[in-house]
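Structure first, commentary second.
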Ligand SMILES: C[S@@+](CC[C@H](N)C(=O)[O-])C[C@H]1O[C@@H](n2cnc3c(N)ncnc32)[C@H](O)[C@@H]1O
């Protein structure tokens, strides 16, 4: 199987913007009734931990430093609270969906009022982060960042080489040396592995579905490898495979070096050992109580969806003393939600040098010989891996 050079077949940015603009903001009550209530909370937990750990790393290097953040594709401001908890000083949010940007600005202003102005300063920009140069849009012409975050959105830029180039330019151009570029995005190896296991051109379950329009399961273009992603009640739009070795290569041109890449499963296992992250897991209701708490129905009606939780609980019960009064209860995700969560990976790049970016974009794809992903999930581990 090979990745072939490609430049993307069409412009889907507007389709994506329209989709997110139309998306209603759901209230807490509505969210808690959603089939993916715990999945959404789990994804939020991943982001919270990633953000908190990265801010810790920045502060360990220089405790007194003020912290400026760029949130690329910031959406409706779902991470505003995380930035507040992280006690950052400045935030710039940019997103293509004008309605979302407006909603996030309102949310920020309400928050600022409640806090008597004692929260970070913020700026909100409507922009296509894959086509517009953000440096030209910041209020502060000398703007620099310590952290750039791109959550659940980076994949949109792999529509074409020039879009990926601009996204990385935006991510790195104002990032200071020693700063980090962090994000979450689908793992193309995992998507292709699941696609190949399926009999047709799509796969999924009751909470998510991914369908490819191309018939060929062996060759994918480096850019513009499109699939439709459907997540129950939240997302239904075109996305693009991010071939990670290509991302690393492009990032290197902008002075960004991969520090770490984890699958969500690895990230969870690693961070759940951390006391604060464990506490946060329960505060954020990121896992479903099993067995369910009196009177509440389990999220999934499929008994098999809790097979592993059941086995784990039985093993605990056997080793647990019999005289306790409260029933043993653990946290889990239904299998369908876990399968949707484990499509994703977490990445952390560090800006290691200020480079003059190659502003004339010679498609690196032209220079990349076929570089097959192994078809194995989570196999790249730590550090960088060349794509050719
Ligand atoms: C799944 S949402 C994630 C939002 C936010 N980062 C979060 O984690 O809550 C994807 C976001 O990417 C934005 N987006 C998609 N393509 C974009 C582009 N080309 N430029 C800027 N934003 C884009 C969408 O408008 C949407 O708000």
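Please verify whether the stretch 41-48 includes one or more residues that are surrounded by 14 or more Cβ atoms within 10 Å (Cβ to Cβ) and either farther than 20 Å from residue 343 by Cβ or at pLDDT below 85 (or both).
No, the stretch 41-48 contains no residue that is surrounded by 14 or more Cβ atoms within 10 Å (Cβ to Cβ) and either farther than 20 Å from residue 343 by Cβ or at pLDDT below 85 (or both).
Would you please name the residue that is nearest to the chain's Cα centre (by Cα), looking only at residues in the stretch 128-151 that are within 9 Å of the ligand (Cβ to nearest atom) and crowded, with 19+ Cβ neighbours inside 10 Å?
151
For the stretch 164-180, enumerate the residues that are within 14 Å of the ligand (Cβ to nearest atom) and in a strand (DSSP E or B).
None; the set is empty.
Checking the condition buried (at least 17 other Cβ atoms within 10 Å of the Cβ), within 23 Å of residue 15 (Cα to Cα) and away from the ligand (no atom under 11 Å from the Cβ), which residue from 124, 120 passes? Step through it out loud before you land on a result.
On the way: 120 fails: within 23 Å of residue 15 (Cα to Cα).
Checking each option against the conditions leaves just 124.
Is at least one residue of the stretch 203-222 in a helix (DSSP H, G or I), in contact with a strand residue (DSSP E or B) (Cβ under 6 Å, 6 or more places away or on another chain) and crowded, with 17+ Cβ neighbours inside 10 Å?
Taking every residue of the stretch 203-222 in turn, none turns out to be in a helix (DSSP H, G or I), in contact with a strand residue (DSSP E or B) (Cβ under 6 Å, 6 or more places away or on another chain) and crowded, with 17+ Cβ neighbours inside 10 Å.
If you take the residues in the stretch 52-78 that are within 15 Å of the ligand (Cβ to nearest atom) and assigned to a strand (DSSP E or B), which one is farthest from residue 14 (Cα to Cα)?
69
Considering every residue within the stretch 105-126, establish whether at least one is within 25 Å of residue 258 (Cα to Cα) and in a helix (DSSP H, G or I). Break it down into steps so the answer makes sense when it comes.
Within the stretch 105-126, the subset within 25 Å of residue 258 (Cα to Cα) is none.
No - not one qualifying residue is present in the stretch 105-126.
Among the residues of the stretch 79-115, what is the count of those that are within 10 Å of the ligand (Cβ to nearest atom) and buried (at least 20 other Cβ atoms within 10 Å of the Cβ)?
Result for the stretch 79-115: 11.
Give the number of residues within the stretch 169-181 that are crowded, with 24+ Cβ neighbours inside 10 Å and either under 27 Å from residue 234 (Cα atoms) or more than 19 Å from the chain's Cα centre (by Cα) (or both).
4
Among the helices (runs of 4 or more DSSP H) lying completely within the stretch 274-364, list those that include at least 2 residues that are modelled with pLDDT of 90 or more and closer than 25 Å to residue 209 by Cα.
Output list reads 335-341.
The values are calculated or read from the model by the stated rules, or taken from the named source; none is laboratory data. Since we're looking at a predicted model, the values are computed, not measured. All Cβ positions, glycine included, derive from the backbone under ideal geometry; neighbour counts span all protein chains shown.
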